[in-house]
Each structure stands twice: as structure tokens, then as C-alpha cells.
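Inspection log for the structure reproduced underneath, given as C-alpha cells.
The values are calculated or read from the model by the stated rules, or taken from the named source; none is laboratory data. Treat the numbers as computed from the prediction; the structure is a model and nothing was measured. Heads up, the Cβs are rebuilt from the backbone with ideal geometry, glycines too, and the neighbour counts pull from every protein chain shown. The accessibility values were calculated without ligands, DNA or RNA, using every heavy atom of the protein model including side chains. Shrake-Rupley method; radii C 1.70, N 1.55, O 1.52, S 1.80 Å.
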Amino acid sequence: MPQPIEILIVEDSVNDTELLVHSLRRAGYEPKWHRVETELDYLIKLRPELDIVISDFTMPKFNGMRALELMKSRGYEIPFIIVSGTMGEERAVEAIKQGAADYLMKDRTERLGSAVGQALEQSRLRRGCEEAKKAVLEGERKFRALFDAAHDAIYMLHNGVFVDCNTKGQFMYGRTWDQIVGHTPDEFAPPNQPDGRNSREKAFEIVMKAMQGEPQTFEWMVYHSDGTPVYSEVSLNRIEMGGNVYLMAIARDVTERRHAEEKIAEQAAVLDKARDAIAVRDLAGNIQFWNKGAERLYGWAREEIIGRNICEMIYPSAEVFEEANRHVLEHGEWTGEVQHFTKDRRELIVEARWTLLRDKVGAPKSVLAINTDITEKKAIEAQLMRAQRIESIGTLAGGIAHDLNNILTPVLTSIELLKLMEKDPKARHILETIETSSRRGADIVRQVLSFARGIKGKRLEIQPKRLLKDIETLIRDTFPKNIQLHVALPKDCWPVLGDPTQLHQILLNLSVNARDAMPDGGALTITAENLVLDQRQIAKYPGAKPGKYVNITVKDSGMGIPTPMLDMIFEPFFTTKEIGKGTGLGLSTVVAIAKSHDGFIDVHSETGHSTTFNVFLPAMEVSTVKMTDTSKLASFPRGNGETVLVVDDEPAILTVTCDTLESFGYKTLGAHDGVEAVAVFQQHPEEIAVVLTDMTMPNMDGPAAIRELLKINPEQKIIASSGFMTSERANKVSIANSKYFLPKPYTAEALLKTVRSVLEEPSMSVVPSEKIRLAGG
């Protein structure tokens with residue numbers, strides 16, 4: 001029965017291999033054989049369980065002596081037979097000395113069977129002696145198997161030179177065992193490592209430290225055989241085997257990770273250029289990435305905030321963050337406006353865009369947040385919305401004011417006539433009481449009109465110093481003594497063009513609010529200064545223009561205004577005062593007056609500390625008008641029988657106005673609308689000296705009536721009157737060539753002075769289109 005044997009044949013010729021196998025079969029063997037022709041294949045197939053190795057002496061890629069040497073280096077005691085066609089006697093003897101069991105010439109392969117038999121017999125004889133080594137060989141085999149199967153590259157060095165490496169080590173370098181063993185690590189490396197150190201010097205230093213028993217961990221870069229760089233993390237340790245000292249290097253390929261890190265670094269550099277704040281946090285809220293935009297916006301440096309919880313760092317409320325976080329986890333995205341805090345606790349409003357990031361298997365991994373600062377944008381939007389609300393309420397208020405002025409006009413005019421006729425002191429006192437109440441009502445109407453769009457009063461050159469002096473006197477006389485007043489003015493404060501009464505009202509309203517904010521006393525400071533504002537400084541104030549301004553500041557040391565209320569304090573009828581202690585029109589009136597003077601208001605407040613209002617009024621370039629003393633009352637002028645055509649759709653106003661004029665020496669004609677006025681005028685074209693007409697009437701309004709009257713008599717003198725005069729209506733009056741305007745409610749004195757002033761002015765066939773002159777002072 002054929003004897004089974006396992007043979008490793010080292011042969012580059014397939015034909016010769018078949019001859020060898022055929023010879024063995026003829027000799028009574030049943031060979032299980034493996035043919036190899038390269039060193040690497042030989043090392044892979046070489047195992048101590050082999051029964052015999054038959055090797056050709058000379059091959060293009062390998063040779064028998066090298067195969068024998070490699071087998072002996074591993075300590076394998078396998079019968080080794082060399083077969084050759086050119087081998088001389090000297091080489092055959094040398095092969096026997098090196099451990100070969102026998103040698104044969106290829107033309108004498110009939111001896112192969114006996115040679116194998118002898119070799120196997122000798123091997124069986126030796127086996128008894130080698131049983132003691134079996135455990136060691138088994139351990140070495142397992143070690144070698146693990147050594148070659150390791151996922152990391154493993155290198156053995158002796159005196160700084162490679163003496164062995166596993167399969168992964170060969171793969172990492174792209175070189176064979178022979179191309180690595182016998183070389184030093186720096187031979188495969190560039191002149192300098194990525195850290196800038198010289199490769200030879202770094203390798204020498206690391207090897208010396210490891211030889212002294214100090215484990216080394218470092219990054220090392222080598223060139224693959226194809227020229228590409230390979231990055232690895234290496235641990236180097238000292239070991240002793242067989243009385244010799246070796247170094248074992250275990251290297252893990254981190255090339256892909258290194259490239260990924262470089263790519264991330266490049267992307268991070270791009271993200272750092274973004275103006276938006278970009279952050280990445282894990283699912284627990286811990287910050288993993290923080291770009292330069294986030295540093296600029298929040299004030300936290302990257303090294304200060306990485307690893308910290310984002311909710312604790314920039315969110316005033318955990319509830320807002322948690323609700324948004326739940327949404328992004330459920331839906332993958334979230335967008336919204338949120339309030340944040342900076343490092344110095346400054347409030348921000350940001351537009352946040354969150355995206356859920358997932359890992360390779362689709363599981364949630366982290367959240368990317370891109371935050372845009374919209375604090376200034378929201379402030380401008382709030383101011384625009386506030387301006388629109390005030391404009392809408394102003395339109396409504398204008399209509400109400402028109403009706404109230406029509407009601408108050410006959411009351412005020414009649415009272416003055418009654419006072420002239422009444423001699424009884426008690427009756428006169430009652431009339432004075434009625435007059436006071438009526439004037440108070442008229443003042444309230446004017447306050448409402450001051451924030452109605454387009455309302456403008458008399459414009460005079462005003463020295464801010466005089467305004468502040470008047471307010472200072474009023475405050476010192478009426479405010480509690482526990483409020484300390486400080487007033488400061490520059491020596492050369494620029495003049496402003498404005499309505500003295502309205503500007504007094506601004507300062508009075510702000511001062512009263514400051515007083516109410518300091519119930520237990522405090523400091524009230526009023527100052528003025530000259531400023532030149534550029535486009536950037538006035539950008540957040542809609543409608544403001546760059547140029548020279550006088551800044552009047554009213555500052556108190558009171559309780560301050562809560563931040564949520566700052567956006568509402570200028571709204572009409574908004575008040576925090578108790579019922580009966582405030583109408584809510586004070587600050588809205590202040591804003592409207594400032595706006596009508598082409599100025600604007602700014603407010604800053606610290607809750608519990610102070611509030612500062614800054615009123616910016618455009619300064620005059622050149623002083624052209626002297627301040628008029630409006631406090632001196634003139635006596636009532638009388639007429640000389642001139643005829644006045646009074647046009648008004650309110651019967652009470654028409655009756656009282658005619659009665660007043662007739663009481664002071666005038667003749668009157670009346671009309672209830674523009675159509676009737678034109679008809680009456682056509683009947684008395686030469687007789688009527690002046691026309692006093694309302695501007696808002698049915699059928700034909702005032703401007704239309706004025707144009708028709710001037711067609712009949714271009715030199716006709718006309719006074720326009722209204723309880724609500726917008727800039728649009730004023731332009732219509734100016735275009736219609738009515739030079740004078742008498743605002744309602746008017747008193748008998750204002751009526752008589754206006755009529756007298758118009759009559760005494762020389763006639764003009766063409767009246768220049770100019771701003772309407774306010775009558776009555």
C-alpha cells in the first residue's frame with residue numbers, strides 16, 4: 001500500500017516537478033505536494049509538519065541554499081533534499097554541511113525514492129530526540145501565525161537594523177521581507193519627518209531611549225514603494241530573546257485618518273472665514289467645534305469653550321434649548337430666532353439654523369448650528385414697526401382732533417365775547433372756569449396732534465440754553481426737594497429751528513417721567529452737546545440724515561426700564577403708571593415731536609440703576625431769525641366795516657365767528673361749503689375784503705374753493721383754517737395761494753389779529769408758493 005507523505009517542492013519547472021512526483025510514486029509513495037518558486041511563497045508554505053522538502057539548486061527567483069538557510073533559521077528539522085542539473089561536488093558537500101539530508105542530479109531521479117526513504121528514516125530517528133522541543137516549536141508556530149496575521153505591522157530590530165517583519169509590515173512598506181530586513185528605518189523615510197525633525201536623528205534618538213528600557217510612542221512617516229507617504233503611529237519596546245536584545249516596533253497605519261484630519265483642518269479654516277457663528281455639539285450639548293465667527297460673536301475663545309455645555313454658556317433659559325433640541329432630533333432640522341448671551345452677558349438675538357449630523361450607519365451623532373446675529377436688524381425692524389403704528393394711530397387721532405377742534409372753537413371764541421359783555425364777578429369767574437377747561441381740552445388735542453403725521457407748528461430759531469433754563473426753573477419750583485437737578489450746557493451750543501412750545505413739551509415730559517421713576521429721590525441730569533453724526537452712527541434710526549445735531553440728554557438714577565418694555569414705551573397709550581396717573585401719550589408725543597423736527601430719540605436703561613433719553617435735533621447752519629417773544633399779549637384789534645366771508649360746515653363755528661367779527665366792527669357773510677361760498681362771492685365780488693374758509697367741507701373742500709375764488713379775483717385775500725393740518729393739506733393750501741392759516745380751535749384774539757393782519761398787508765396779484773404762515777402770533 002503506498003505510503004502517504006507531504007512534500008514541499010521548490011522548483012520553477014512544472015515538468016521537472018511532475019518527474020519528481022512520478023519517481024516518488026514509482027518508489028511506493030503517495031505524495032501530497034505543494035510547488036513554490038519564490039521566497040515569499042516558500043515562507044508561506046513552509047511548515048514544521050512537512051515530511052520532506054525537495055528543492056532545485058538554482059532558480060531565477062530563488063535557490064536551494066537560500067531555502068535551506070530559511071528553513072534552518074526557523075529551526076525546522078525537515079529532511080531537505082537538493083536536486084540539480086549543474087551542481088558540483090564541492091557545492092553538494094557544502095549543502096550537506098549546511099544540513100541537507102541528501103543531494104541528487106536531475107538525470108538520476110531514479111534514486112529519489114531511496115534518498116527520500118533514507119531521509120525519512122533519519123528524520124524518524126531524530127524525532128525521538130526532538131519530542132522535548134515539540135512544545136517550543138508549537139508555541140513558535142502559533143506565535144508566527146499570530147505574528148503574520150496581526151492587523152498592525154510588526155518589526156523586529158537588532159542594533160537599529162530590521163531583522164524580521166510580519167506580512168502586514170511588508171504590505172505597509174510595499175516591499176518584500178528581503179527588501180526590508182537588513183535595512184534601517186530611516187532608509188524608507190523622507191529627510192525630515194512631519195514634525196520637522198531630521199529622520200535619521202529622530203530614529204537614532206528613539207532607538208537609544210528604547211534600548212535603555214524606556215518605551216517610545218511616536219508618529220513616523222515612510223515612503224511606500226510607489227512613492228506615496230504612509231503615516232503610522234508606532235510603539236517601540238525593548239525585549240530579550242536567546243540572550244540577545246531586540247526592539248519590537250508595532251506600527252498602525254493612520255494615513256487615512258491623517259488625510260481626514262488634514263481635510264477637516266482645511267474645512268475648519270474655511271469655516272473660520274465665515275461671518276456667522278458655526279458650532280458643532282454632541283447630543284449631550286458639549287461643544288466639539290467653535291469657529292472664529294463664534295469667537296467674534298460670543299467672546300468665548302475656542303480653547304475656553306470646547307468640551308463645555310453650550311446651554312450653560314450662551315442660553316438664558318434651558319427650556320428654549322431643550323425644546324429646540326427635541327425638534328432637531330425628531331425632524332433633523334430646526335430654524336428659529338433665539339436669545340443668547342455673550343461672555344460679558346450682553347444680550348443677542350440670533351437666527352439659528354440647526355442640522356442633525358449622523359454617523360455611517362445613520363445614527364444621530366451631533367448637531368451643526370449656524371447662528372447669524374440679527375440683534376441690530378431686529379432693533380431697526382422694531383423701530384420701523386413702531387413708526388408704522390404711530391403713523392396709523394396718528395391718522396386716527398387726526399380725524400378725532402379735527403372734530404374736537406370744531407367743537408372747541410365756538411366755545412373758546414364765545415367765552416371771550418361773553419367775558420367782555422359780562423360785568424358780574426361771579427359770572428365772569430364761571431366763564432373763566434369754562435375757558436380754563438376748554439383750553440385744557442385744546443391742549444390735549446394738540447398733544448394728540450403732535451404725534452399725528454405731518455403736523456408742524458411755528459418754527460423759530462431757538463437757543464437750547466433758553467429751553468433748558470426754562471425747564472430748570474420749572475423743575476426747581478415744582479419737583480420734590482429730594483430730587484437733585486444738574487444742568488450742563490456747552491458755551492457755544494448750536495441753535496435749532498423748532499417750535500418752542502413743542503420742544504418745551506419734550507423736555508417736560510421726559511423730566512416728569514424721570515421724576516416718577518425716582519419716588520424716593522435721586523439725581524436728574526439734563527445736558528446738551530454739539531455732535532456731528534456720520535452715516536454709520538445714524539444707520540439704525542429710520543429717516544435720520546448725517547450732519548450736525550444738538551443732543552439733549554435727560555438722565556435719571558431711578559428704577560430703570562425692564563428690557564422687554566423698551567420696545568413698547570414709545571407706543572401711544574402704553575403706560576406702566578397707575579390708572580389716573582398717566583395717559584400713555586407722553587413718550588409717543590416726544591417721539592412725534594422729535595420726528596416732526598427731523599430729529600430722533602435714543603434710550604438706554606439699566607434695570608434698577610438708571611435711564612437715559614437722548615434727543616437729537618438738527619442744528620441750524622446759519623442763524624437767520626431772532627427769537628420771538630410769544631408771551632406778550634396784544635389788545636384785540638377792531639375792524640373798520642370791512643366785509644368778511646366766513647365759510648364753515650359747522651353751524652356753531654360759523655355763527656360764533658360771524659358774531660365775534662361783527663362785535664368788533666366787521667360785516668360778515670356766511671357759507672356752509674365751498675359751492676355756496678363761490679356763489680356768495682360772485683354776488684359780492686367788490687364788497688368782500690377777506691375770506692376765512694375751513695379746509696375740510698363736503699361738496700367742495702377749502703383748497704378747491706380757494707382756487708375758484710382766485711379765478712374770480714386773483715388778488716383776493718384768503719385765510720385758511722382747519723382743526724387738523726397735515727403737511728399734504730398745507731401743500732394744497734400753498735398751491736392754492738392762501739398765504740395765511742388759522743389753526744382750530746382759535747380764540748377771538750387770534751381770529752381778530754389774523755383778519756387785521758391780512759387786511760393791512762398790501763395786495764399781491766401773484767402770491768409766491770411758500771410755507772404757510774401761522775396766524776395769531
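Figures for the structure shown
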read-out	value
Within the range 8-40, considering residues that are under 16 Å from residue 111 (Cβ atoms) and of a type in the set (A, V, I, L, M), the one surrounded by the most Cβ atoms within 10 Å (Cβ to Cβ)	20
Residue count, the range 258-291 (criterion: under 30 Å from residue 223 (Cα atoms), in contact (Cβ under 8 Å) with a residue 12 or more places away in the chain and not hydrophobic (A, V, I, L, M, F, W, C))	1
Output for the range 51-83, where each listed residue is farther than 19 Å from residue 118 by Cα and hydroxyl-bearing (Ser, Thr, Tyr)	58, 73
Residue 304 vs. criteria in contact with a strand residue (DSSP E or B) (Cβ under 6 Å, 6 or more places away or on another chain), charged (D, E, K, R) and without any contact (Cβ under 8 Å) to a residue 60 or more places away in the chain	no
Candidate set: the range 317-328, residues that are out of contact with any helix residue (DSSP H, G or I) (no Cβ under 7 Å at 6 or more places or on another chain) and surrounded by 14 or more Cβ atoms within 10 Å (Cβ to Cβ); chosen: the one modelled with the lowest pLDDT	320
Helices (runs of 4 or more DSSP H) (entirely within the range 261-317) containing at least 1 residues that are over 17 Å from the mean Cα position of the chain (by Cα)	302-305, 310-314
Identity of the residue in the range 747-759, touching a strand residue (DSSP E or B) at 6+ places or on another chain (Cβ under 7 Å) and open to solvent by 10 Å² or more (accessible area, probe 1.4 Å), that ends up modelled with the highest pLDDT	759
Residue match in the range 362-376 (condition: at pLDDT 85 or above and part of a helix (DSSP H, G or I))	yes
Residue in the range 34-51 that is assigned to a strand (DSSP E or B), modelled with pLDDT of 90 or more and touching a Phe, Trp or Tyr at 6+ places or on another chain (Cβ under 6 Å) present	yes
Residues satisfying the stated conditions in the range 209-255, i.e. surrounded by 16 or more Cβ atoms within 10 Å (Cβ to Cβ), touching a residue at least 60 places away in the same chain (Cβ under 8 Å) and farther than 18 Å from residue 151 by Cα	246, 247
Of all residues in the range 41-56 being open to solvent by less than 20 Å² (accessible area, probe 1.4 Å) and not aliphatic (A, V, I, L, M), the one that is farthest from residue 103 (Cα to Cα)	42
Members of the range 81-100 that are within 21 Å of residue 22 (Cβ to Cβ), modelled with pLDDT of 85 or more and out of contact with any Gly (no Cβ under 7 Å at 6 or more places or on another chain)	81, 83
Within the range 180-196, considering residues that are under 46 Å from the mean Cα position of the chain (by Cα) and surrounded by 14 or more Cβ atoms within 10 Å (Cβ to Cβ), the one nearest to residue 248 (Cα to Cα)	193
The range 149-169: number of residues that are out of contact with any Cys (no Cβ under 8 Å at 6 or more places or on another chain) and either surrounded by fewer than 17 Cβ atoms within 10 Å (Cβ to Cβ) or in contact (Cβ under 8 Å) with a residue 60 or more places away in the chain (or both)	11
Subset of the range 543-562 [in contact (Cβ under 8 Å) with a residue 60 or more places away in the chain and open to solvent by less than 70 Å² (accessible area, probe 1.4 Å)]	544, 547, 549, 550, 551, 552, 553, 554
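Let's see how each residue does on (1) at pLDDT 85 or above; (2) among the polar types (S, T, N, Q):
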site: 577; (1), (2): no, no
site: 581; (1), (2): no, no
site: 588; (1), (2): no, yes
site: 598; (1), (2): yes, no
site: 611; (1), (2): yes, yes
site: 622; (1), (2): no, no
site: 630; (1), (2): no, yes
site: 635; (1), (2): no, yes
site: 638; (1), (2): yes, no
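Condition check ((1) closer than 18 Å to residue 173 by Cβ; (2) assigned to a strand (DSSP E or B)) across all residues:
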site	(1), (2)
210	no, no
214	no, no
217	no, yes
221	yes, yes
234	yes, yes
239	no, yes
252	yes, yes
